[in-house]
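Below: the structure, in structure tokens.
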């Protein structure tokens, strides 16, 4: 049995990461330690990590321009289906608080044809309004 001791000790050295060995005389005893190094149990299937709540409203911004790409001051931007609206400033810029997600906006200006567009969260929207059949409103 002594000529088998060297290979058994080599095997014991190779497996020492997952097992503990003790040698008494010519007998090799192996103790399983895999339970000690096993990964933590997974959470129950119904348990999910808490996600951060999505914002209820977001600020949607953009510009309203005329056919010559000039800003339209006082253009109206309306969130369709609501009374939420904004007017553009001297640079044609607007900011409107809308529900998170995709929204339909209505753009209007006196002397121009209105437009409806779908707009998504956080993406600025630049709209060019074409004049109605006649001349566009002159600016002073």
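The values are calculated or read from the model by the stated rules, or taken from the named source; none is laboratory data. These numbers were taken from a predicted model, which means no experiment stands behind them. No Cβ is skipped: glycine too gets one built from the backbone with ideal geometry, and neighbour counts run over all protein chains shown.
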Restricting attention to region 69-81, which residues are assigned to a loop (DSSP other than H, G, I, E, B) and either in contact with a strand residue (DSSP E or B) (Cβ under 9 Å, 6 or more places away or on another chain) or buried (at least 16 other Cβ atoms within 10 Å of the Cβ) (or both)?
69, 72, 73, 74, 75, 80, 81
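Take the conditions closer than 30 Å to residue 124 by Cα and modelled with pLDDT of 60 or more and apply them to residue 40. Does it pass? Working first, answer last.
Details: closer than 30 Å to residue 124 by Cα: no; modelled with pLDDT of 60 or more: yes.
When the stated conditions are applied, residue 40 does not pass them.
Residue check: is residue 62 surrounded by 10 or more Cβ atoms within 10 Å (Cβ to Cβ), modelled with pLDDT under 95, closer than 21 Å to residue 132 by Cβ and out of contact with any helix residue (DSSP H, G or I) (no Cβ under 7 Å at 6 or more places or on another chain)?
no
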Sort through 86, 75, 90, 100 and tell me the only one that's closer than 12 Å to residue 61 by Cβ and either assigned by TED's automatic domain parsing to the domain that holds residue 63 or at pLDDT 95 or above (or both).
86
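Select from region 94-114 the residues that are over 26 Å from the mean Cα position of the chain (by Cα) and either surrounded by fewer than 20 Cβ atoms within 10 Å (Cβ to Cβ) or in a strand (DSSP E or B) (or both) and list them in ascending order.
Quick first cut of region 94-114, residues over 26 Å from the mean Cα position of the chain (by Cα) only: 106-114.
Scanning region 94-114 gives 106, 107, 108, 110, 111, 112, 113, 114.
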Over region 127-136, the set of residues in contact (Cβ under 8 Å) with a residue 60 or more places away in the chain and either outside any strand (DSSP E or B) or loosely packed, with under 12 Cβ neighbours inside 10 Å (or both) is 129, 130, 136
